[in-house]
Each structure stands twice: as structure tokens, then as C-alpha cells.
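Read through the structure below, which is laid out as C-alpha cells, and then see the notes.
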Amino acid sequence: MKLVNYFTLSLIILIINSCAFYSLKGTIPVHIENIYIAPIINKSTDQEVVDFLDDKLNQLIIDQNILEIVNYDNADSKINITVTEVLDLPYTLSQGDQFEKVDEWKFLIKANVVWSDFQKGEVLFNISINEWGIYGDSIDISNDGIDND
């Protein structure tokens, strides 16, 4: 997987980190003190992205220290993530010497996230995530020919 894909996934994790987990901190039911993170189900063709996402999600929950990560038998709640699609498509093309070249790529990830409360036997949320980002050489502001200092 390209280094730029890791950058894009990091941005996605940052969005989740700054929005979803921050907003959940004050709304977690008081009886939920821990969480079991089920292995991510991958219905896409990109295993590397799913492995990366799994590592980052676990690290994010540990770093945020909102809920303790525990095994299934001791959990108050459980989160299930199913990655349904990962695409890395050409987005912007330019004329090269002989062929068109890709200047920018569009990275798309679709997933379903379900957080369940084991104690009350209910689903806290069930959301579909459809996030994308653009990456490539032309995104770097240093390539615009303007002194940005």
C-alpha cells in the first residue's frame, strides 16, 4: 500500500477521533465502562487497509482512555465494524510525454459500525460511514510555484 494511502487513512482516523469519539465521551451511558472490539469484517478486496484501520482504532481507544478494551466475556459493550468497500481511483489526469498521468487519486472507504450495549441488550448506534479523500502530488502546496513561507 502506498505511503499516501496511510496518510489518507490517518486523516480518516483523525476525523473519527476529533468528531465521533469526542462527541461520544459525554454521551456514553454511565453503566458502560468497557468495550470489546470485534475483529473487523472485511468485505473489500484490500486487507492491508483493514489491518491498518484495526490497529489505529485500537490505539485510538487506548489513547483516548474513554473506555477500557476488554475480552468478550467481560465486556459491557461491543463494537462491530464491517468494511464493505475500499477504492483507490484516479481522480485528476494530466498529459504526460506519451500517456496521461495520474496527478491525484481518490481514496474511498465504506463501512458499517454497530455499537451494542450488552447489559441492556440494545444497539447504541448503527451507522454507515462513507468517507473519501484526495491525495497526490498536486495536493502539496509546495508544488504550486508560490512562495508559501
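The values are calculated or read from the model by the stated rules, or taken from the named source; none is laboratory data. Worth saying up front: this structure is predicted, and the values here are computed from it rather than measured. Glycine also receives a Cβ, built like all others from the backbone with ideal geometry; neighbour counts cover every protein chain displayed.
The table below gives the values:
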{"quantity": "The stretch 121-140 - residue that is outside any strand (DSSP E or B) and without any contact (Cβ under 8 Å) to a residue 24 or more places away in the chain and, of those, nearest to Ala75 (Cα to Cα)", "calculated": "Gly121"}
{"quantity": "Matching residues, the stretch 80-101, being among the aromatic types (Phe, Trp, Tyr) and in a strand (DSSP E or B)", "calculated": "Tyr91"}
{"quantity": "Ser116 being buried (at least 16 other Cβ atoms within 10 Å of the Cβ) and of a type in the set (Ser, Thr, Tyr)", "calculated": "yes"}
{"quantity": "Subset of the stretch 68-105 [among the β-branched types (Val, Ile, Thr) and under 21 Å from Glu131 (Cβ atoms)]", "calculated": "Ile79, Ile81, Thr82, Val83, Thr84, Val86, Thr92, Val102"}
{"quantity": "Any hit, the stretch 61-70, residues being surrounded by 15 or more Cβ atoms within 10 Å (Cβ to Cβ) and modelled with pLDDT of 90 or more", "calculated": "yes"}
